[in-house]
Amino acid sequence: MLYRYYLPNGLQVVSEPMANRKTVALGVFVKVGSQDETKENNGISHLVEHMFFKGTKTRSAKDIADLTARIGDDVNAFTSKECTVLYGMTVTKKFGELAMLLGDLLTNPQFDAKELAKEKRIVMDEIDMYWDSPEDLVHELLQKRVWKNDSLGYLISGTKSVVRSLKREELHQFLRGHYYAENMLISVAGGYEEEEVKSILADAFSGVKSFAAQADKKYLSPEMAAVSVKRDKAAELALPPYHAEYMGAACFSGKKQNEIKEKKSPCYYRSFAVADKDIEQLHLNLAFPAPCLGDKRRFAYSIMNSVFGGSNNSRLFQQIREEAGMAYSVYSYSSAYLRAGLFHIDITVQPQLAVPVLSKVAGIVEEFSRCGLTEEELSLHKEQVETELIMGAESPKTRMDANAKYALAGTKLFTLEEKLELMDAVTCGQIKELAEEILKLREVSLCVVGNREHIDLNGIRKLFNRWGNMGQNVEGGTE
């Protein structure tokens, strides 16, 4: 059973009790990330997330670490392009302690000046580690290029110069501008009684203020500042348990459940990017414009990815690695956001094989787009994706995360049984239509990370331009 309701302060909750479990996963999802920043404060969301664990009004950083250890040492946070998340998992009897801890971290952070100075150094080390990781760099640099005029292309970590310049008061103002009840969602899943958890959450997060009381309009985006958030009484916001016609958009009773959607979709720029790194292997990443998060075709999309390149028995892996022996690592994956999406192909290869591998990948793309998949492939990959779905559903943390992701997207929340039914209903024709829509070589972008001295860059660029027949119209550049 899925539940969706509001706490008295307007904070939305998505809850999924799971029978015969002795653990609970809790996540607080705040709709603010690098896409909500400016060039002048890019990286502030990530720095704020780090500072949550550096002490509150009632707990030191050591106190937080000690409590985390007592309840299972599984409390953490992360920042993405679209949200910041504090989460944890513990045994059911200690759920109250976990909830109180996350509530305290969110509502009472100190942002101590000395701790901030230390944490800036940690974050700058993290930025260095990121730039030293070609697997991360090739992905982030490509997204930065294709969305060059939109904040969705900003790096989550920001830059060292900006992080170094951020002041304590800026963090507090940013917190007031984004960390309010209507801009958050709590997701919880695991072994518990719903009424008991509802009471615990109401107490633990009572310090989260509403938009009117909390928001610092100086730090709101123009879209957010234009939204007039008016809360109804708690009773009017309360929602019944999940049922068959329970649709994501309708369940908010006409309220602005996701102000982030007020932003326009970013323009996609077909791009060719190169980063010179003194490494042995060459890292290649291709990206096609693709569906956004919450697209109604997402079940067909997941099967398409599995068949094309998302598994060891996929077209890409079998033909490039197993049959041709041309690359150790080759796979596809989706990057889906609320306003845009990309379908990526990632390849790690010896530099001298770059052009042959890219040519072979292009052939697989064209064939899959033109011919689709066979009924045998569809049956096999349905079983694979459905098995992965069932195994993932055994984890409270997986359910907590998935429920939050699609609730934030404003889409319907499905039970496991409904997901399996929808997955089973996917046809070869639906997947072929998706492949034709997504896998267009004339629209693909490419990023290359490796040692320029060992790369046939001209050969790669000629191949890329031939795909798009765009010549000088292609966005290009070197980092």
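Quick notes
- Potential lengthening of the chain between residue 440 and residue 94 amounts to 119.5 nm, from the contour at 0.36 nm per residue minus the alpha-carbon distance.
- Applying the Karplus relation 6.51 cos²θ - 1.76 cosθ + 1.60 with θ = phi - 60° to the stretch 370-375 yields 3J(HN,Hα) values of 7, 10, x, 10, 8, 4 Hz, where x marks Gly and Pro.
- Two-site FRET efficiency, residue 73 against residue 22, from Cβ-Cβ distance with R₀ of 22 Å, rounded to 0.05: 0.85
- Per residue, the stretch 362-479 exposes 50 Å² of solvent-accessible protein surface, assessed with a 1.4 angstrom probe and all protein chains in place.
- Approximate spin-label separation residue 63-residue 269, in nm, with each point projected 7 Å along Cα-to-Cβ: 4.9 nm
- Karplus (6.51, -1.76, 1.60) ³J(HN,Hα), θ = phi - 60°, over the stretch 117-124, in Hz, Gly and Pro reported as x: 4, 5, 6, 4, 5, 5, 5, 5
- Of the solvent-accessible surface of the stretch 286-336, computed with a 1.4 Å probe and all protein chains present, 47% belongs to carbon and sulfur.
- Under 5 Å from the amide H of residue 148 lie the amide H atoms of 269, each residue being 5 or more positions distant or on a separate chain, with H modelled from the backbone and absent for Pro and chain starts.
- Residue-averaged [θ]222 nm for the chain, counting only DSSP H segments that reach four residues, each worth -39500 (n - 2.57): -12500 deg cm²/dmol
- The stretch 357-420, accessible surface, carbon-and-sulfur percent (1.4 angstrom probe): 53 percent
- Label-to-label distance, nm, for residues given as residue 148 and residue 172 (7 Å Cα→Cβ offset): 4.0 nm
- Put simply, the amide H of residue 42, placed in the peptide plane, has no neighbours under 5 Å, leaving out anything fewer than 5 places away on its chain.
- Surrounding net charge for residue 23, when Lys and Arg each add one and Asp and Glu each subtract one, Cβ distance under 12 Å: +4
- Spacing of the two label points (7 Å from each Cα toward its C-beta) at residue 213 and residue 427, in nm: 5.3 nm
- Using the Cβ of residue 386 as centre and a radius below 12 Å, the other residues enclosed give a net charge of -3, where K and R count +1 and D and E count -1.
- For the stretch 268-318, accessible area per residue (1.4 Å probe, heavy atoms of protein chains only), Å²: 33 Å²
- Computed lengthening from residue 418 to residue 366, 0.36 nm per intervening residue step minus Cα-Cα distance: 15.4 nm
- An oblate overall shape is assigned to the stretch 6-111, the ratio a/c of its alpha-carbon gyration tensor axes (a ≥ b ≥ c) being 1.5 or greater and a/b not exceeding b/c.
- Net length gained if the chain between residue 130 and residue 376 were fully extended (0.36 nm per residue, minus Cα distance): 84.5 nm
- Gyration tensor over alpha-carbon atoms, the stretch 22-80, equivalent ellipsoid semi-axes in Å: 26, 16, 8
- Remark: the stretch 441-458, residue by residue, has Karplus-estimated 3J(HN,Hα) of 4, 5, 10, 6, 10, 9, 10, 10, 10, x, 7, 4, 5, 9, 10, 7, 5, 5 Hz, where x stands for each Gly or Pro and the curve is 6.51 cos²θ - 1.76 cosθ + 1.60 at θ = phi - 60°.
- Descending Cα extents along the principal axes, the stretch 55-119, whole Å: 36, 29, 18
- Residues whose placed amide H lies under 5 Å from that of residue 23, excluding near-sequence neighbours: 92, 191
- Separation of alpha-carbon centers, the stretch 325-365 and the stretch 10-50, rounded to whole Å: 31 Å
- Å² per residue, accessible surface of the stretch 23-69 at 1.4 Å: 31 Å²
The values are calculated or read from the model by the stated rules, or taken from the named source; none is laboratory data. None of the values given here were measured: they were computed from a predicted structure. Using ideal geometry, Cβ is built from the backbone for each residue, glycine included, and neighbour counts are taken over all protein chains shown. All accessible areas refer to the heavy atoms of the entire protein, side chains included, with ligands and DNA or RNA removed. Shrake-Rupley method; radii C 1.70, N 1.55, O 1.52, S 1.80 Å.
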